[in-house]
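Quick note: the coordinates plus some simple rules give every number you see, no bench work behind them. Values in this document were obtained by computation on a predicted structure and should not be read as measured data. Cβ sites come from the backbone with ideal geometry, for glycine too, and all protein chains shown count toward neighbours.
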Amino acid sequence: MSIKFLAEDDRPREKFLLKGKNSLSDSELLAIIMGSGSRDETAVELARKILASVDNSWHQLSLMTVKDLIKFKGVGEVKAISIATALEIGRRRAAQEIPDKPQITSSKAAYDVLKIHLSDLRTEEFWALFLNQNNKVVHLSQLTQGGINQSLVDLRILFKIAMDHFATGIIVSHNHPSGNLKPSQEDISITKKIKDAGNLLNIQLLDHLIITQNAYLSFADEGLL
């Protein structure tokens, strides 16, 4: 049977089988995830509307909550959870593609590792990269959630992790969901405390990155360390 004679909600699936996944448009992929449209729209039409609301950006779509998604007519909790789940799988897949023990040669290299974990969050988190003498990552750890102005990093935990992994260098990072890259006084204060503690233990603080959705600020590059 020709694809054009199928019900519209079935056409993306048939196209997937006949032509492969690479032949599908973004709206067709999203339509398959949702499974069906609404009484007034096909799944593809509904998918186009949802994607148009985020400028056709999968990244922006991943920031939408279940409550955001169910505002679209034809999207209930089940469809919203299916969308959020598919995007989370994509995020985790991308995280697993980080090469084993990447070498950090610049702030951009550190950003490339950390952005997968920090760039699309709605609340602040504080992470650290632990490096060996060759500046290769030996461990990556989340240290706090909720913002460093609310839950200050426990320096004992930070440096215990560093010593457990025989790290000689640390790069710390946190995100600003607001999109503002300017360091706060809390950011500057915790950076100084980490640097001073590291000097006593001979574990160097190499950088502190502030990460937003599409950009970052490096304390090292800006001469703030």
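Work out how much length LEU63 to ASP196 would gain on full extension: take 0.36 nm times their residue separation and subtract the Cα-Cα distance, in nm to one decimal. Present the calculation step by step, with values, prior to reporting the outcome.
Details: separation 133, 0.36 × 133 = 47.88 nm, distance 3.63 nm.
Full extension from LEU63 to ASP196 adds 44.2 nm.
Computing Rg/Rh (Cα atoms, Kirkwood Rh) directly from the structure and comparing it against [x] 0.99; [y] 1.10; [z] 0.96 singles out [y].
Taking Cβ atoms as reference points and 15 Å as the exclusive limit, the residues near LYS21 contribute a net charge of +2, counting Lys and Arg as +1 and Asp and Glu as -1. Entry note, the chain: relative contact order of 14 percent, from Cα contacts under 8 Å with a spacing of 6+ residues.
Computed from Cα atoms, the angle from the helix 155-164 axis to the main principal axis of the chain rounds to 90 degrees. Among beta bridges identified by DSSP and lying wholly in the chain, the antiparallel ones come to about 70 percent.
Mind giving me the FRET efficiency for ARG156 and GLU77? R0 is 41 Å, r the Cβ-Cβ distance, nearest 0.05 is fine. It comes out at approximately 0.45.
Any chance you could run the full-extension gain for ILE70 through LEU18? It's 0.36 nm times the residue separation minus the Cα-Cα distance, nm to one decimal. The partial results should precede the final answer.
On the way: separation 52, 0.36 × 52 = 18.72 nm, distance 3.17 nm.
Here the answer is 15.6 nm.
Length gained on full extension, ASN180 to SER36, computed as 0.36 nm times the residue gap minus the Cα-Cα distance: 48.0 nm.
Separation of the alpha carbons by more than 26 angstrom is noted, of LYS108/LYS136; LYS15/LYS115; LYS108/LYS195; LYS115/LYS136; LYS115/LYS195; LYS21/LYS136, for LYS15/LYS115; LYS21/LYS136.
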